[in-house]
Amino acid sequence: MAGFDVDAIDDVIHGRLRLGIMAYLAHAEAADFNTLKAALKATQGNLSVHLRKLEEAGYVAIDKSFLNRKPLTQARPDFRRPHGFAAYLDAIAKLVERRG
């Protein structure tokens, strides 16, 4: 079928939790670790692993600092891949659009 390119779907984003992270950050622009953990109903370890994978792929940037002497980890979209999430959404839309 013409236009059906399942290989255009980026596996780095396609997992439930990583897709949730990207969708959340697309609207919030940045979020601290605990906010993401609560919003996505993720465990600390699971969220850490998936944030690291997204960071390594250039989808998110992780900023670590301290607030009132407590560690603060924030995630935000990483503009090394400015069209990364948009390209993913476009690829999904092309797979599901009606033909005919």
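The values are calculated or read from the model by the stated rules, or taken from the named source; none is laboratory data. Note that the coordinates shown come from a computational prediction; the quantities given were computed from them, not determined experimentally. FYI the Cβ positions are ideal-geometry reconstructions off the backbone, even for glycines, and counts take in every protein chain you see. Ligands, DNA and RNA are excluded from the accessible area calculation, which covers all protein heavy atoms including side chains. Shrake-Rupley method; radii C 1.70, N 1.55, O 1.52, S 1.80 Å.
Each Cα pair under 8 Å and six or more residues apart adds its sequence gap; the mean of these over the residue count of the chain is a relative contact order of 34 percent.
Surface exposure of region 24-100, expressed per residue as accessible area with a 1.4 Å probe, stands at 71 Å². Check Leu72: other-chain or 5+ apart residues with amide H under 5 Å from its amide H, H built from backbone geometry? Here Ser65, Phe66, Leu67 satisfy the definition. For the chain, a simple Cβ point-charge model (Lys and Arg +1, Asp and Glu -1, everything else neutral) yields a dipole of about 420 debye relative to the Cα centre.
Taking all protein chains in place and a 1.4 Å probe, what share, in percent, of the accessible surface of region 10-66 do carbon and sulfur account for? Roughly 51 percent, rounded to a whole number. 3J(HN,Hα) couplings calculated from phi for region 47-52 with the Karplus curve 6.51 cos²θ - 1.76 cosθ + 1.60 (θ = phi - 60°) are, in sequence order, 4, 4, 4, 6, 5, 5 Hz; Gly and Pro show x.
In the chain the Cα-Cα distances spread across 5 Å bins starting at 0 as 2, 12, 23, 22, 15, 11, 7, 4, 2, 1, 0, 0 percent of all pairs.
Among the lysines of the chain, pairs at least eight places apart or on separate chains and with Cα atoms under 28 Å apart come to 9. A cut-off of 5 Å between modelled amide H atoms, ignoring neighbours fewer than 5 places along the same chain, links Val60 with Glu55, Asp78. Only DSSP H runs of four or more residues enter the estimate; each adds -39500 (n - 2.57), and after division by the residues of the chain the mean residue ellipticity at 222 nm equals -15000 deg cm²/dmol.
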